[in-house]
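The values are calculated or read from the model by the stated rules, or taken from the named source; none is laboratory data. From a predicted model like this one, the values you see are computed outputs, not experimental measurements. As a convention, Cβ positions derive from the backbone with ideal geometry for all residues, glycine included, and neighbour counts pool all protein chains shown. For the accessible areas, the whole protein counts, side chains as well, though only heavy atoms, and no ligand, DNA or RNA atoms are used. Shrake-Rupley method; radii C 1.70, N 1.55, O 1.52, S 1.80 Å.
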Amino acid sequence: VAVLPIANRTGDADMEYLAEGLTDGAIRLLSEIPKLKLIARSTVYRFRIATEDALSFARSLGVDVVLTGEFKKLGNRMVFDAELTDVGEGTIVFSRQYWPNPSDWMDIQADLALDVVRGLNLDLDRGHSARLSHHPTVSAEAYQSYLLGGISVGLRPLGRRE
């Protein structure tokens, strides 16, 4: 499985931290699943959906499935679209639209990981299921600060080259 960088389609460059945070969170959670071979973060961050074809990139990695996603603003709400695609057949395994409230972004990562597990028909033991739904904090504000952490202390955002 390759989790490609989630695209920020809001038109607001200041929201890039959320795209990177969602990508990193999905990779982290899916890496907890022992039956899943996951392409490394350092490999997938070389790819941006806007510049290449996702299926071609996934085929070059030799993966069976690829997870792509984007978030955008619709009115005053944020919406997150995710799709798991069978690379060999070019067919959709699952496609889902999430409509989170500002406090729900942590839940999106867990929901997304569980949707991938269901889409791949993987059986998880109780311990792995619990880890997928575990949050490092229950505070949405603390989570946003965590995602912004690299930017607020002067680090360059993940996945960007200078």
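Taking the simple approach of a point 7 Å from Cα along Cα-to-Cβ for both Thr43 and Met15, what is their distance in nm?
Each label point is offset 7 Å from its Cα along the Cβ direction, giving 3.1 nm.
With a ≥ b ≥ c the root eigenvalues of the C-alpha gyration tensor of the range 1-66, is it rounded (a/c under 1.5), prolate (a/b larger than b/c) or oblate? Walk me through the numbers on the way to the answer.
Values: a/c = 2.75, a/b = 1.33, b/c = 2.08.
The shape class here is oblate.
So how strong a dipole does the range 1-123 carry about its Cα centre when Lys and Arg Cβ are +1 and Asp and Glu Cβ are -1, to the nearest 20 debye? Each step should come with its number before you reach the end.
Details: 13 positive and 19 negative charges, 29 e Å.
Its charge dipole is roughly 140 debye.
Protein chains only, probe 1.4 Å: how do Phe94, Phe47 rank by accessible area, largest first?
Final ranking, largest accessible area leading: Phe94, Phe47.
Order these peptides, 114-124, 32-42, by their mean beta-carbon neighbour count within 10 angstrom, highest first.
Details: 114-124: 15.5, 32-42: 13.6.
Ranking the peptides 114-124, 32-42 by packing returns 114-124, 32-42.
With a 1.4 Å probe and all protein chains kept in place, how do Glu20, Glu89, Glu83 rank by accessible area, largest first?
Working: Glu20 10, Glu89 135, Glu83 60 Å².
Greatest to least solvent exposure: Glu89, Glu83, Glu20.
Could you give me D for the range 1-116, from Stokes-Einstein at 25 °C and 0.890 mPa s, where the hydrodynamic radius is the Kirkwood radius over C-alpha pairs? Units µm² s⁻¹, please. All intermediate terms of the calculation are to be shown ahead of the outcome.
Numbers: Rh = 14.3 Å.
This corresponds to a translational diffusion coefficient of 171 µm²/s.
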